[in-house]
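Trainee: Below you'll find the structure I mean.
The values are calculated or read from the model by the stated rules, or taken from the named source; none is laboratory data. Not measured: the values here are computed from a predicted model. Using ideal geometry, Cβ is built from the backbone for each residue, glycine included, and neighbour counts are taken over all protein chains shown.
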Amino acid sequence: MTAFVDFQNVWLAYNDALWAQGQFAVEDLNLQIDEGEFVAIVGPSGCGKSTFMKLTTGLKQPTKGHITIGGEPVTGPLKITGMAFQAPSLLPWRTTLDNVLLPLEIVEPFRASFKAKRKEYAAKARALLESVGLGGYEDKFPWALSGGMQQRASICRALIHEPKMLLLDEPFGALDAFTREELWCALRDLQAVQKFNVILVTHDLRESVFLADTVYVMSKSPGRIVVKRHIDLPRPRDLEITYTPEFTGIVHELRAHIGAMRKPATIQAHIQTAGEIAQ
């Protein structure tokens, strides 16, 4: 089966001068993500996780190598993706409903029919908000919502145009632990129903193991994928699984990989060993 996301020997230098000096943000990225798969990217700060996201959305083109998504080469920004970040970035002068509808006002082919189909789109947005526990908050402004509510609305906004792939860059990092776990479950349920691909960038190893089918560990800059870890825990996963030995064992295994990379003397040996594991 052809991979939905396919990175083949991808390198990125942010400008020609850095390329000439051999200074890359990420190097030799190779990974294949199946359709409907949930992937998490973890690693130390500055390892190139966000750069990977830019490459996946087409916001950056690789210096070397090739990227295909949905069987098509990535040559520019993609319309089949939705994105959400740590800061919800809701527009304060728009209601929750109108914030969620925003992509339909600016992205084709929805933009052309937005006025004629606004009621239909609004009903769809209301149903999406209801599915994440925001029923009854459609007419509230962002300042009237908690941080967790704003992030739920942000995820709905990213999904309103039915993207094939959702990209999440530390979406729950600013939330308290209880709210964060609530949103894990909301995202789990949305993805289980709609079957879109997810690429989640996170520093939270528990989050990655709870949500993902596969976790990739990246090395310190220049970022390389050094570990590919399939998460073979059964689905659907309830929060109780996070207290099991199987779950904590995987978290500790991933933490050990990242911890080893923080020790300068062992970085190269770790990359070589982990690279063999990833093969």
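Trainee: Only helices (runs of 4 or more DSSP H) wholly contained in region 52-136 count here; list those with 3 or more residues that are modelled with pLDDT of 90 or more.
Mentor: It comes to 96-106, 118-131.
Trainee: Given the residues Glu27, Glu35, which is the only one that is assigned to a loop (DSSP other than H, G, I, E, B) and either closer than 21 Å to His257 by Cα or of a type in the set (Asp, Glu) (or both)?
Mentor: Of the residues listed, the single one that is assigned to a loop (DSSP other than H, G, I, E, B) and either closer than 21 Å to His257 by Cα or of a type in the set (Asp, Glu) (or both) is Glu35.
Conditions (1) over 20 Å from Ala153 (Cβ atoms); (2) out of contact with any Leu (no Cβ under 8 Å at 6 or more places or on another chain), marked per residue:
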position	(1), (2)
Gly173	no, yes
Asp176	no, yes
Asp189	no, yes
Val193	no, yes
Asn197	yes, no
Leu211	no, no
Met218	yes, yes
Val226	yes, yes
Pro234	yes, yes
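Trainee: Determine, yes or no, whether Thr96 is of a type in the set (Val, Ile, Thr) and closer than 22 Å to Gly36 by Cβ.
Mentor: Taking the combined requirement at face value, the residue does not satisfy it.
Trainee: Just need a number here: residues in region 211-231 that are in a loop (DSSP other than H, G, I, E, B) and modelled with pLDDT of 95 or more.
Mentor: Here the count works out to 3.
Trainee: Among the residues of region 38-51, are any surrounded by 15 or more Cβ atoms within 10 Å (Cβ to Cβ), polar (S, T, N, Q) and over 29 Å from Phe4 (Cα atoms)?
Mentor: no
Trainee: Does at least one position in region 138-150 carry a residue that is in a loop (DSSP other than H, G, I, E, B), loosely packed, with under 15 Cβ neighbours inside 10 Å and not polar (S, T, N, Q)?
Mentor: For region 138-150, residues in a loop (DSSP other than H, G, I, E, B), loosely packed, with under 15 Cβ neighbours inside 10 Å and not polar (S, T, N, Q): present.
Trainee: Next question, about the same structure. Which of the residues belonging to region 94-135 are surrounded by fewer than 13 Cβ atoms within 10 Å (Cβ to Cβ) and touching a residue at least 24 places away in the same chain (Cβ under 8 Å)?
Mentor: Passing the criteria: only Glu108.
Trainee: Now for a separate question. I'd like the residue in region 196-222 that is within 15 Å of Leu239 (Cβ to Cβ) and surrounded by fewer than 22 Cβ atoms within 10 Å (Cβ to Cβ) and, out of all such residues, is farthest from the chain's Cα centre (by Cα).
Mentor: In this case the residue turns out to be Arg206.
Trainee: Restricting the search to region 137-151, which residues are small (Gly, Ala, Ser) and modelled with pLDDT of 95 or more?
Mentor: Hit for region 137-151 is Ala144, nothing else.
Trainee: Can you name the condition, by its number, that Ala40 falls short on among (1) in a strand (DSSP E or B); (2) within 17 Å of the chain's Cα centre (by Cα); (3) over 20 Å from His257 (Cα atoms); (4) of a type outside the set (Val, Ile, Thr)?
Mentor: (3)
Trainee: Moving on to the next point. If we keep just the residues of region 170-210 that are in a loop (DSSP other than H, G, I, E, B) and among the aromatic types (Phe, Trp, Tyr), which is farthest from Thr51 (Cα to Cα)?
Mentor: Among those residues, the one meeting the criterion is Phe196.
Trainee: Is it the case that Pro88 is over 21 Å from Lys164 (Cβ atoms), touching a residue at least 40 places away in the same chain (Cβ under 8 Å), in contact with a helix residue (DSSP H, G or I) (Cβ under 8 Å, 6 or more places away or on another chain) and not hydroxyl-bearing (Ser, Thr, Tyr)?
Mentor: Here the answer is yes, as Pro88 does meet what is asked.
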